[in-house]
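To keep things clear, I will list the structure first and then write my remarks on it.
Taken together, the values in this text are just the output of simple stated rules run on the coordinates, not laboratory data. Quantities reported herein were computed from a predicted structural model and do not represent experimental measurements. Cβ: placed from backbone, ideal geometry, glycine included. Neighbour counts: every protein chain shown.
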Amino acid sequence: MRKKLVVGNWKMNLIQPQAVSLVEALVRKIAVTDAVEVAVCPPYTSIGAVAQALKGTKISVGAQNVFWKDSGAFTGCVSAPMLADAGCKLCIVGHSETRGRFGKLEIDADDVGYFAETDKTVNQKIKALLYHSLMPILCVGETLAEREAGNTDDVIRRQLEGALAGVDCSELGCFSVAYEPVWAIGTGQVCDSKEASRVCGMIRKTLAGMYDQETADAIRILYGGSVKGSNSKELFSQPDIDGGLVGGASLDPDDFATIVLSAV
Ligand code: 13P
């Protein structure tokens, strides 16, 4: 039986005092039971303060990105051992926003290369996180154009295979996937719960094909994209959805607490 996991992805929001107030409110509202695992992923600048504020609670801290080398001349980068040192237990990898797969920026995403995220860099990051015993949350998902062209499953299979190339099943002890359809992120347009569950089931089947059924059954597959307190119960009650990766609603302590409690 997989324990549900609910993770707040704060994206580029909140300075330290705001971040600490938010987690203090969460600790008051979520008397975390052992029935659900909860984590928040602040921006790098607030990880230390949030980890300190959450000491002694059951809420974990994670990061939103990582660089795959341990140290060296990589200006602006943060490594897995640095995340562990700051108190992180997990890290989001391959989010569509770091892959540059979202709507219109002021600068064309193709021109800036954005964070230059590809399946290969995602793969390197996953290996670095697993090596340092941090749980990767691998984000996969299709754009609207890919869905409309009927390519959803192929795109996601490719993302999974690229991200996990050369990763042995013995290394996958702590690993999870988040299915985040790009068109559902920040749009208020949540994926239909049955369809979200179908895709999560397809992800599990793909993992079973790449590894084995036992390994696939142990991996938590989350849904992300416009999760709110009003739709989380329906999503989390689907057989193949093991929790959520929550963006906007994780910045509101009341809404996030409702989402967490709906996973119990
Ligand atoms: P929203 O919940 O704001 O749609 O964002 C989802 C997301 O990108 C989580 O990683």
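Neighbours of LEU164 by Cβ distance under 14 Å: Lys/Arg scored +1, Asp/Glu scored -1, total +1. Across segment 10-21, computed HN-Hα scalar couplings (Karplus, 6.51 cos²θ - 1.76 cosθ + 1.60, θ = phi - 60°) run 6, 6, 8, 9, 6, 8, 3, x, 5, 5, 5, 4 Hz from first to last residue, x flagging Gly and Pro. Remark: relative contact order (segment 143-229) = 38 percent; criterion is Cα-Cα distance under 8 angstrom and separation of 6 or more residues.
Extents of segment 164-242, taken as max minus min of Cα coordinates on every principal axis and listed largest first, are 38, 21, 18 Å. Residues whose amide H falls under 5 Å from that of CYS91, counting only those 5 or more places apart or on a different chain, are ALA63, MET135, ILE137, with hydrogens built in the peptide plane. Separation of segment 10-60 from segment 148-208 is 26 Å, based on Cα centroids. Summarising the amide proton neighbourhood of PHE67: residues at separation of 5 or more, or on other chains, whose placed amide H is nearer than 5 Å comprise VAL78, SER79, ALA80.
Calculated [222 nm] ellipticity per residue, helices only, for the chain: -11500 deg cm²/dmol; basis is -39500 (n - 2.57) per DSSP H run with n ≥ 4, divided by all residues, nearest 500.
In summary, the aspartates and glutamates within cross-link reach of LYS58, defined as a Cα separation below 15 angstrom excluding same-chain residues under 8 places away, comprise GLU24, ASP34, GLU37. Summarising the amide proton neighbourhood of LYS4: residues at separation of 5 or more, or on other chains, whose placed amide H is nearer than 5 Å comprise GLU37.
Could you please state, rounded to a whole Å, how far the C-alpha centre of segment 216-264 is from the C-alpha centre of segment 72-91? Result: 27 Å between the Cα centres. Legend: distances between Cα atoms for LYS29/LYS120; LYS3/LYS29; LYS11/LYS233; LYS69/LYS194; pairs beyond 31 Å are LYS29/LYS120; LYS69/LYS194.
Of the peptides 119-129, 231-241, the ranking by mean beta-carbon count within 10 Å, highest at the top, reads 119-129, 231-241. With a Förster radius of 30 Å applied to the beta-carbon distance between ILE15 and ASP153, the computed FRET efficiency rounds to 0.15. The string of couplings for segment 23-31 from the Karplus curve (6.51, -1.76, 1.60, θ = phi - 60°) is 6, 5, 5, 5, 4, 5, 8, 10, 6 Hz, one whole number per residue in order, with x for Gly and Pro. For segment 74-233, the percent of C-alpha pairs falling in each 10 Å distance bin, counted from 0 to the bin holding the largest distance, reads 10, 38, 36, 15, 1.
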